1. Using only Cα atoms and rounding to the nearest 10 degrees, what angle (0 to 90) does helix B:314-324 make with the longest principal axis of chain B?
2. Against the longest alpha carbon principal axis of chain B, how many degrees, from 0 to 90 and to the nearest 10, is the axis of helix B:245-255 turned?
3. Please average, across the residues of A:80-87, the number of beta carbons from any other chain that are within 10 Å of each residue's own beta carbon, and give a whole number.
4. Under the classification rounded if a/c is under 1.5, otherwise prolate if a/b is larger than b/c and oblate if not, where does region B:111-172 fall, given a ≥ b ≥ c as square roots of the Cα gyration tensor eigenvalues?
5. Order the peptides A:221-232, B:172-183 from the highest to the lowest mean number of other Cβ atoms within 10 Å of their residues.
6. Mind sorting B:Trp86, B:Trp133 by how few other Cβ atoms lie within 10 Å of their own Cβ, fewest first?
7. Given only helices, namely DSSP H runs of n ≥ 4 each adding -39500 (n - 2.57), what is the per-residue ellipticity at 222 nm of chain A, to the nearest 500 deg cm²/dmol?
8. Which of the listed residues, A:His30, A:Leu316, A:Gly161, is farthest toward the dipole's positive end in chain A, when Lys, Arg count +1 and Asp, Glu count -1 at the beta-carbon?
Amino acid sequence: MSSVTDPAPPVTSGGRPLAERTSATPKQLHEWLRQMLLIREFEVRTMQAYQDKKIGGFCHIYIGQEAVAVGCIAAVQHADPVVTAYRDHGHALARGMDPKYCMAEMFGRIGGCAKGKGGSMHMFDKPNNFFGGHGIVGAQTPLGTGLAFAKKYQDEVIDGGVNKHVTLCFLGDGALNQGGFYEAMNLASLFDIPVIFVVENNGYSMGTSIERGTSMSHRIIAKGEGCGLTGYEIDGMDVVNVYEEMKKVADTARAESRPAMVDLRTYRFKGHSMSDPRKYRTRDEEQHWETGDPITRLRDAMIEGGLIDEDGFKALNKDQKVAVREAITWAENSPEPDISELHTDVYVEKFGPYTGTSQPQIVTDAEESR
Amino acid sequence: MSERIIEFRDALREAMTQEMHRDPRVFLLGEEVAQYDGAYKVSRGMLEEFGPRRIIDTPISESGFAGMAIGAAMLGLRPIVEFMSWSFSLVAADPILNNAPKMLYMSGGQFGCPIVIRGNDGAGGQLGSTHSWCVEGMFSNVPGLKMAIPAFPDDAKGMLATAIRDDDPVFFLESERLLAMKGHVPEGDHYVPFGKAVVRRPGTDVTLVSFGRPVHFCLDAAEELAKEGISCEVIDGRTIRPLDIDTIVQSVRKTNGCVVVDQSWSFGSPGSEVAAQVHAHCFDDLDNHVMRVHSSDVPSPYAANLEQEFLPNARRIAEAVRSALYVA
């Protein structure tokens with residue numbers, strides 16, 4: 001019998017051929033591979049820039065978890081809100097943020113998505129319905145319930161129709177132990193709010209393994225079930241599997257206007273943040289998970305299915321390296337925020353030292369291109 | 001024109017009701033606001049008028065429903081969150097202090113937070129230490145939020161209506177001790193702008209500055225002091241953020257004296273901020289340093305006599321005024 005503190009066993013999605021496993025088109029599969037390669041390259045360059053002191057503060061790297069953001073976000077519609085915690089570069093890019101705004105934000109430049117006022121942990125992209133980027137563990141979970149509430153309110157109370165939206169609210173397994181998360185689930189259940197709490201279960205909250213910090217760690221969806229949420233356990237290292245499973249979860253949540261909780265098993269290949277020497281886990285464990293690299297898995301499956309060849313993969317990867325290099329150049333050329341920006345965006349209204357608010361380039365560029 | 005007299009609580013409800021008719025994005029949520037008609041009957045009848053989709057009973061879950069409302073505000077809705085007491089806001093500190101006032105800044109202008117958080121604030125009902133919080137001192141420290149404290153029924157309506165229409169997060173502090181107070185309240189549209197203090201009683205010898213319920217303590221003290229031949233000018237600041245320092249400075253330059261009365265604790269408070277600003281603006285006008293009267297620097301006591309002494313009551317204000325004027 002398993003103890004309430006045992007870690008969860010791995011959930012595996014099997015190695016059947018792609019054609020049997022997914023309805024996704026070759027174009028979709030190529031796009032997911034491209035997004036994962038983009039995120040991987042972006043994060044590698046982010047680590048270098050951090051070491052070069054071009055990026056300051058806290059910085060959390062998404063390498064290893066790419067299939068989660070890419071697969072989940074592919075499973076919902078563009079108008080569906082997405083919100084996450086501080087390990088947020090991957091979600092921003094998967095949501096469609098141009099990497100130049102993301103990199104410039106970390107460089108503390110005016111061209112950053114938040115004019116350099118948010119930093120690594122606080123990415124926002126209004127044109128792509130991405131609502132942050134939140135630094136306090138679990139803080140985004142009541143916000144996620146609220147975003148889903150607002151969409152349902154707009155659809156049903158203001159427009160007089162039926163709910164058409166579902167919200168993705170990502171959290172790490174560390175946030176399972178924050179009180180606000182339970183309040184967010186309870187309210188979502190009471191009010192039939194279609195929000196999906198996607199737990200990116202990478203096994204560690206900073207340096208504390210899940211079994212050391214979380215009761216029922218072998219079956220965390222019990223926590224959602226306690227609030228009446230349907231729970232799902234999904235292999236998060238395989239983007240095709242994430243998409244297929246999350247599509248069902250999202251379609252159900254949308255149609256029934258009900259919340260859900262997903263335990264997405266994944267692994268962060270790097271430390272909690274840039275300052276983490278990873279002494280709390282073994283090299284064997286890391287190597288075990290690295291053999292299941294989500295990019296390698298999709299690449300191999302696509303080669304096996306004849307959807308891409310080695311040369312095609314290399315070309316695709318090279319394109320992402322070029323895109324990230326261009327993003328870095330753009331970010332470096334973006335000026336620092338003018339000192340007058342210190343007092344802008346504190347209040348919408350102008351009064352005293354406060355100079356009102358203005359939209360960042362990520363919004364004005366999107367409006368121009370529309 | 002007939003002078004319609006209604007209670008403070010009815011004035012609050014009228015502001016919410018009128019704004020909800022005007023704007024479908026406005027909704028009210030909180031503990032007991034719907035079926036129970038509100039713990040203090042502020043929302044009486046609103047469930048029947050607007051239905052359960054817009055008048056929403058929440059469980060006792062302040063962190064959850066405050067955070068939920070902030071998420072909804074990010075998407076353009078205009079929630080009114082009722083905390084039965086601001087004392088209960090402490091369990092919601094992260095959403096109301098880390099999310100609401102910082103969202104616009106951290107998103108570089110992309111997502112504002114047009115939310116009103118309102119409820120009872122302050123001691124006076126023998127509720128003991130945990131239920132008698134005056135949050136002015138703690139929360140006015142945070143940039144990005146506005147803080148409004150009405151002292152009269154017409155302001156209750158006009159300031160709450162303004163708060164609901166405001167694009168920034170507004171912390172709206174009501175006093176349970178004032179909810180039954182009656183006064184003339186205009187029917188129809190009535191908006192009191194933020195950052196505009198008002199002189200409640202003109203005077204020539206000293207300026208009393210206060211916010212919310214202690215404005216009445218100041219008026220009581222001024223009445224007593226008038227019998228001694230001391231003329232007090234009483235200023236109702238109305239909003240702490242924005243602070244109308246100009247009206248205060250104008251008065252102090254006339255009276256050459258100032259006593260600030262603030263029901264929060266003295267250390268790092270609106271009272272200390274007003275005093276510092278008056279000292280900076282009126283250094284050459286003052287005949288004495290600015291005096292301050294606060295709630296005593298102890299947890300709020302239960303016993304009636306201790307609680308009355310704890311408050312910045314009229315007797316303590318009068319003593320401060322005499323001291324400011326060098327009257328033995």
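Every number in this text was worked out from the coordinates using simple rules, so none of it is lab data. Since the model is a prediction, treat every value here as computed from it, not as a measurement. Don't worry about glycine lacking a Cβ; one is built from the backbone with ideal geometry, like all the others, and counts go over all protein chains shown.
1. Long axis of B:314-324 versus the principal axis of chain B: about 50 degrees.
2. 20
3. Average neighbour count from other chains, rounded to a whole number: 1.
4. It comes out oblate by the Cα gyration axes.
5. Going from most to least packed, we get B:172-183, A:221-232.
6. In order of increasing Cβ crowding within 10 Å: B:Trp133, B:Trp86.
7. -13000 deg cm²/dmol
8. Toward the positive end, the furthest listed residue is A:Leu316.
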